[in-house]
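One structure is given below, encoded as structure tokens.
The values are calculated or read from the model by the stated rules, or taken from the named source; none is laboratory data. As the structure is a computational prediction, the values presented were derived from the model and not from experiment. For neighbour counting, all protein chains shown are included, and Cβ atoms are generated from backbone atoms with ideal geometry for every residue, glycine included. Ligands, DNA and RNA are stripped out before the accessible areas are found, and what is left, the full protein with its side chains, is counted by its heavy atoms. Shrake-Rupley method; radii C 1.70, N 1.55, O 1.52, S 1.80 Å.
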Amino acid sequence: MTLTDTVPGPSRRFPRAPGVRMGGLALLVAAVACADLLAGRGVTPDGARAVLLGHGDDPTAQHIVLHLRLPRMLVALVAGACLGVAGLVLQSALRNPLAGPEVTGVTPGAVLGAVTATGLGLAGWESPTAVVVAACLGGFAGAGLLWLLAGRDRGDPEQTAVYGVLVSAVLAGLTAVVLLVAPGELGSVVQWLIGSTEGRVWQHWELLWPWAAFWGAAAWLLAGPLTLLRCGDEQASAAGLATGRGRGAALVCAVALTAGAVSAVGALGFVGLLVPHLALAVFGADLRITLPGAALLGAAVVCGADAAAQWLSPLLATALDADRLTLPVGALTTCVGAGLLMVVARRRADER
């Protein structure tokens, strides 16, 4: 039984036509994007609306909306799309409903790469290119370590999950060691550890969207092999698929997408784990449709969480009597994701 088993099928709760569901999801993405642009400090929602409509003449408001909020919103959308697709690819390739980037060594490896490069002075939060390279190297190292440990058990979902948790724990421990060796870098890397969209500018967007478009297209081209891998290695082999090559190509796409997202916004907990289950519940098992659906859902989740975090930050600052308090989007996705996972786990336990 998987997490999707606890969600009624799309034919019961959603319109049957995939185009209708995809259109509704696109409208949801547009709505949360607008909410993200109107949220935040420095400019009121009316002032932001005036700038977006071309009626605002305040240069400060124009700078905040067009050069800070707009690229931040776009980065949140694309990073969420990357994580949604990466999680679905991983779960399909490994036939494991818990094979999110967070527990397969991919996200911890990418974070370790970014933190190590920062500690060595080779990269920084303000140098996106170097961070992308470092995060990719770390992500591929984490996935490679999982691949080596799994050995002949790569087709066994349970064993792969155990090795994934082990690899993720080791990489998280190495990240802690790096922070102990270079404690002065803690302030600059904490955003990668938690996940944040603060300070995202057009340079981050210009680096992220081509990367996401290339690897997202590559993942979509693997929809057929991934569908076969979800059925099991024996069925996939009987259909003529070279399972080792297919799974390897899928993992490369998943690692690249995760590394790109981590290099832009850090480690956003539970997005890559839970979004695929929702996408499968809404769009079904045809990955040619579900992969784009997972991208839209991931974009909506991260951008919506970013908007919610910005709206909640002033309220928390007032409640805690703090001059300025910013709620990281990663903290919100982790808390909400953990809560949803606990609800699903309890429902599953009650059904036994």
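What nm distance separates the two modelled labels at W311 and L148, each placed 7 Å from Cα along Cα→Cβ?
4.8
In nm, what is the difference between 0.36 nm times the number of residues separating Q159 and R346 and their Cα-Cα distance?
Length gained, Q159 through R346: 65.0 nm.
Using the Cα centre as the reference, give the magnitude of the dipole from point charges on the C-beta atoms of the range 54-346 (Lys, Arg: +1; Asp, Glu: -1; all else neutral), rounded to the nearest 20 debye.
Once rounded to the nearest 20, the dipole reads 600 debye.
Taking the 0 to 90 degree range and rounding to the nearest ten, how far is the long axis of helix 287-319 tilted relative to the main principal axis of the chain, both from C-alpha atoms?
Taking Cα atoms only, the helix is inclined about 40 degrees.
Got a number for the accessible area of T60? Probe 1.4 Å, square angstrom, nearest 10.
80
Which semi-axes, in whole Å and largest first, does the equivalent ellipsoid of the range 66-143 have when worked out from the alpha carbon gyration tensor as the square roots of 5 times its eigenvalues?
24, 19, 7
Going by the alpha-carbon gyration tensor, a ≥ b ≥ c the square roots of its eigenvalues, is the range 163-253 rounded (a/c under 1.5) or, if a/c is not under 1.5, prolate (a/b greater than b/c) versus oblate?
oblate
Can you bin the range 285-328 into rounded, prolate or oblate? Criterion: square roots of the alpha carbon gyration tensor eigenvalues sorted a ≥ b ≥ c, rounded for a/c under 1.5, prolate for a/b above b/c, oblate for the rest.
It is prolate, given that a/c is not under 1.5 and a/b is the larger ratio.
Compute the distance in nm between two label points, each set 7 Å from the Cα along the Cα-to-Cβ direction, one at A217 and one at A26.
Placing both labels 7 Å along Cα→Cβ, they lie 1.9 nm apart.
Can you give me the % of accessible surface on the chain that is carbon or sulfur? Probe 1.4 Å, all protein chains present, nothing else counted.
That share works out to 67 percent.
Compute the Cα gyration tensor for the range 196-310, then decide on rounded, prolate or oblate, letting a ≥ b ≥ c be the square roots of its eigenvalues: rounded whenever a/c is under 1.5, prolate when a/b is larger than b/c in the other cases, and oblate in all that remain.
Verdict is prolate for the range 196-310.
Going by accessible area, probe 1.4 Å, with all protein chains left in place, what is the ranking of W220, W192, largest first?
Per-residue accessible area, sorted high to low, gives W220, W192.
Post the alpha-carbon centroid distance, the range 286-312 to the range 200-218, in whole angstrom.
Cα centroid to Cα centroid, the span is 16 Å.
Measure nothing but the geometry: give the 0 to 90° angle between the long axis through the Cα atoms of 18-38 and the longest principal axis through the Cα atoms of the chain, rounded to 10°.
30
Mind checking which of L38, L98, L180 has the largest fluctuation in a GNM of the chain, springs on alpha carbons under 10 Å?
Looking only at L38, L98, L180, the largest GNM fluctuation is found for L180.
Treat every Asp and Glu Cβ in the range 176-318 as -1 and every Lys and Arg Cβ as +1, leave all other atoms uncharged, and give the resulting dipole magnitude about the Cα centre to the nearest 20 debye.
So the magnitude is around 240 debye.
Test of understanding: what is the full-extension gain from A319 to L180, defined as 0.36 nm times their sequence separation minus their Cα-Cα distance?
46.7 nm
Enter the angle in degrees (range 0 to 90, nearest 10) between the Cα long axis of helix 271-283 and the first principal axis of the Cα atoms of the chain, meaning the one along which they spread out most.
Taking Cα atoms only, the helix is inclined about 70 degrees.
Once every DSSP H run of n ≥ 4 in the chain is given -39500 (n - 2.57) and the sum is divided by its residues, what mean residue ellipticity at 222 nm do you get, rounded to the nearest 500 deg cm²/dmol?
Helix-only estimate at 222 nm: -24500 deg cm²/dmol.
Along the charge dipole of the range 54-346, Cβ charges K/R +1 and D/E -1, which of W147, A169, P210 sits furthest on the positive end?
Most positive-ward Cα: W147.
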